[in-house]
Every structure is written in structure tokens, then in C-alpha cells.
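A short worksheet on the structure shown next.
The values are calculated or read from the model by the stated rules, or taken from the named source; none is laboratory data. Bear in mind that the values here come from a model prediction, so they are computed numbers and not experimental data. Cβ sites come from the backbone with ideal geometry, for glycine too, and all protein chains shown count toward neighbours. Side chains included, ligands, DNA and RNA excluded: accessible areas come from the protein's heavy atoms. Shrake-Rupley method; radii C 1.70, N 1.55, O 1.52, S 1.80 Å.
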Amino acid sequence: MRGAILAAVLCLGLAGCQTPYQEEGAGPVVGGVRAEQVGYGRYRISAVVNQNTPSERVGDFLLLKAAQTARANGSRYFIREGDIQDASRVQTFTTPGMINPNGFGGYTVTPASSSAAYQPGAMVYIRLLPGNARPSGAIDSQEVLDTIGPRLLNK
């Protein structure tokens, strides 16, 4: 646990540290991807990253998670339903106040403080397609796994 916290602190301290491809809430770095079923064969795919992560990488996150979701549910092909939408958010972090003895019979009071961090994000809806024939406009999940997968998963 201590190593994960140290890695997160080091990563946050370095300029250019991008959000790694991970399930949202799975690692020490804030951000990640998520797939939520919203209907029969329909999923909302979302990605939240830090400010150092380029928008192209966010698009790759969405595509890869959509492909993984399709394969996990037995579909080779999927289509995007609608446009990619903004899913950015502001995350608030609060540090509690403290009262400590100062060694001279008194106390030192540190007030509570809050800070906010902007987290860019995007989401898209997809529909999984049955069968082995590639319908017009469909995205091949295996092609995405073969091309984008190595770039994001081998780091």
C-alpha cells in the first residue's frame, strides 16, 4: 500500500504524468474507464483523466473500453450511438483541521481546507451487434484490441 501511495505522489509531482489505462477507482492515480449497461446490448462508456492526458488518449480509452465490453459480452462488432459527450467533473478534496499541543502549554490550530481539481472526461453510448458479418459503420472490437490495446496496456 505504501508503495502505491508513493507511486501516486511521484506521478502527481512529475510534469506530463498521464492517467494510465485502468478501471475507474482501481489504482492510486485518479481517473480511469468504466462501462455501464444502460439497456439490452447498450452501454455507456466513460473515461475520466487528469489534465496532463491528451484528448486523443481519452478517445483511445473510450474505444478500447468499448471493444473490451463488446468482447466480454460475446460481440465482435459495435456501433457508436450519438456523439462523444463531455463528462468532465470537478473533484473536491478536503483536509480536516487539526489541534496539536505546541509544547508551551498551548495549542496550534490548523484549519480545515478544501481544494478542487478539474478532471477532463468523455463518454459515449455504444450498441453491441450480434453475428459475424460486419454491418456498415460498425467497429470491429478485435481490430481495436489489436491496434490500440498494445499502446495502452503495455505501459
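Per-residue ellipticity at 222 nm from helix content only, as computed over the chain with -39500 (n - 2.57) for each DSSP H run of at least four residues, stands at -8000 deg cm²/dmol. Among V124, V33, V109, the residue with the largest mean-square fluctuation in a Gaussian network model of the chain, with springs joining Cα atoms closer than 10 Å, is V109.
Take L145: with every protein chain present and a 1.4 Å probe, its accessible area is about 50 Å².
Accessible area ranking (1.4 Å probe, heavy atoms, ligands and nucleic acids excluded), largest first, for Y125, Y107, Y118: Y107, Y118, Y125. Residues whose amide H comes within less than 5 Å of that of Q22, counting only those at least five positions distant or on another chain, are V33 (H built at 1.01 Å from N in the peptide plane). A 1.4 Å probe over all protein chains sorts I45, I84 by accessible area into I84, I45, starting with the largest. Extents of the chain, largest first, come to 79, 30, 24 Å (Cα atoms, principal axes, whole angstrom).
Sequence-ordered 3J(HN,Hα) estimates for the stretch 70-86 from the Karplus curve with 6.51, -1.76 and 1.60 and θ = phi - 60° stand at 4, 5, 5, 10, x, 10, 8, 10, 8, 10, 7, 10, x, 8, 5, 10, 6 Hz, glycine and proline given as x.
If only the Cβ of Lys and Arg carry +1 and only the Cβ of Asp and Glu carry -1, the dipole of the stretch 50-113 around its Cα centre is close to 240 debye. Taking every protein chain into account, the 1.4 Å probe leaves D83 with about 110 Å² of accessible area, to the nearest ten.
GNM, the chain, Cα, under 10 Å: largest mean-square fluctuation among A122, A87, A72? Sorting by GNM fluctuation, first place goes to A72.
Note on surface exposure: S55, S113 rank S55, S113 by accessible area, highest first, 1.4 Å probe. Farthest toward the positive end of the dipole of the chain, out of S114, F104, L129, is the Cα of L129, where the dipole comes from beta carbon charges about the Cα centre.
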